[in-house]
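The values are calculated or read from the model by the stated rules, or taken from the named source; none is laboratory data. Bear in mind that the values here come from a model prediction, so they are computed numbers and not experimental data. Please note: Cβ atoms are built from the backbone with ideal geometry, for glycine as well, and neighbour counts cover all protein chains shown. Protein only, heavy atoms only, side chains kept; ligands, DNA and RNA dropped before computing areas. Shrake-Rupley method; radii C 1.70, N 1.55, O 1.52, S 1.80 Å.
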Amino acid sequence: MKVIERLKSIIDKPDPLIIEIGCWNGSDTELFLNAFPECKIFGFEPDPRNTEKIKNRINSSRFELIEEAVSDKDGLITFYESHGAANGDRDWSASGSLNKPKKHLEINPHITFGNGVKVFGRKLDSFTKRKQIKLRMFKKLENLNFEIIWNLEFVIWNFPTERRACGTKS
């Protein structure tokens, strides 16, 4: 079963509130918009190369782009932009990170990272408070190919190189 089909069966609502952390080029955003016809998506993406791609790709009143990184603090933080050639992309921008990359360089030696650039970081708590999104206790679901945490309002899952969060409207 595809990841989006699993999420649809778990969430089982047409109108989830989705917080997408690291939108890259908007491809997952498009999947969410199509899979959940009444969803609202807040998409975090700090890399200006990616925000330009997203703005050109996504035109929906159900999507709000936040040109910030989700972080453990509010304010300026260091973001390591990825570069190099991968999968036909001459300037690979899908592997940016708030942590200085280590293992990524071993697995993907063709990807490089600079010394880091300053971007605005936002704590998820600060964001959800500002948007009046209520969070409840999480319960971890087992038997999935990715880590997923679920409660009545929020689902958070981690792919090997990506982080995503999603929840239902309260």
Some residue of the range 120-141 being more than 27 Å from Arg6 (Cα to Cα) and modelled with pLDDT under 85: no
Residues within the range 39-49 that are closer than 27 Å to Lys8 by Cα and within 12 Å of the chain's Cα centre (by Cα), tallied: 5
Number of the condition not met by Cys23 [criteria: (1) part of a loop (DSSP other than H, G, I, E, B); (2) touching a helix residue (DSSP H, G or I) at 6+ places or on another chain (Cβ under 8 Å); (3) of a type outside the set (Phe, Trp, Tyr); (4) modelled with pLDDT under 85]: (4)
Matching residues in the range 69-120 - criterion: being out of contact with any helix residue (DSSP H, G or I) (no Cβ under 7 Å at 6 or more places or on another chain), in a strand (DSSP E or B), among the β-branched types (Val, Ile, Thr) and open to solvent by 30 Å² or more (accessible area, probe 1.4 Å): Thr78, Thr112, Val117
The range 30-68, subset among the charged types (D, E, K, R) and touching a helix residue (DSSP H, G or I) at 6+ places or on another chain (Cβ under 8 Å), residue farthest from Leu17 (Cα to Cα): Arg57
Residues (closer than 24 Å to Lys118 by Cβ and among the aliphatic types (A, V, I, L, M)) located in the range 9-54: Ile19, Ile21, Ile54
Positions within the range 1-24 being touching a residue at least 40 places away in the same chain (Cβ under 8 Å), under 20 Å from Ser61 (Cβ atoms) and open to solvent by 10 Å² or more (accessible area, probe 1.4 Å), in sequence order: Lys13, Asp15, Leu17
Residue that is closer than 30 Å to Gly84 by Cβ and touching a Ser or Thr at 6+ places or on another chain (Cβ under 7 Å), where the choices are Ile11, Ile58: Ile58
Residue that is modelled with the lowest pLDDT, among those in the range 33-61 that are open to solvent by less than 10 Å² (accessible area, probe 1.4 Å) and of a type in the set (Phe, Trp, Tyr): Phe36
